[in-house]
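Notes for the one structure printed next.
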Amino acid sequence: MTEAVSNTDSKEFTALQARFARLGRELARFHRSHDGRVSYVVSRWGEPRYMANLGDVKMHLHALERASHG
C-alpha cells in the first residue's frame, strides 16, 4: 500500500522546492513502491543529501537560509 500525497502536501512541497531553488539546490521527493514510504533528496552540484521526512528537509532549509543571510 502506498502513501497518498494530499494537495496541501503537494503545495507545501512545491513551495519548498522554490525556496531551495533560490539557494541553488534541487529538492526531489521519492515514493518507495515496496513499502510506500516517502523520502527526500536535496542536491547541489550532483551531491545528494538524503532525508527521511519533511521535518528534516525544513530544518536543512532553515539552516541554509540562515547561513546565506549571515
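The values are calculated or read from the model by the stated rules, or taken from the named source; none is laboratory data. Values in this document were obtained by computation on a predicted structure and should not be read as measured data. Because the Cβ atoms are built from the backbone with ideal geometry, glycine has one as well, and the counts that use them run over all protein chains shown.
Odds and ends about this structure:
- Checking each residue in segment 19-46 for being among the β-branched types (Val, Ile, Thr) and within 10 Å of the chain's Cα centre (by Cα) picks out Val41, Val42.
- The residues in segment 45-55 that are in a strand (DSSP E or B) and out of contact with any strand residue (DSSP E or B) (no Cβ under 8 Å at 6 or more places or on another chain) can be counted, and the count is 1.
- For segment 32-64, the set of residues classified as touching a residue at least 24 places away in the same chain (Cβ under 8 Å) and closer than 16 Å to Glu12 by Cβ consists of Val38, Leu54, Val57, Lys58, Leu61, listed by residue number.
- In segment 1-44, the residues that are part of a loop (DSSP other than H, G, I, E, B) and at pLDDT 95 or above: Leu23, Gly24, Arg25
- Taken together, the residues in segment 19-31 that are free of Cβ contacts under 8 Å to residues at least 40 places away in the same chain, within 20 Å of Ser68 (Cβ to Cβ) and not hydrophobic (A, V, I, L, M, F, W, C) amount to 4.
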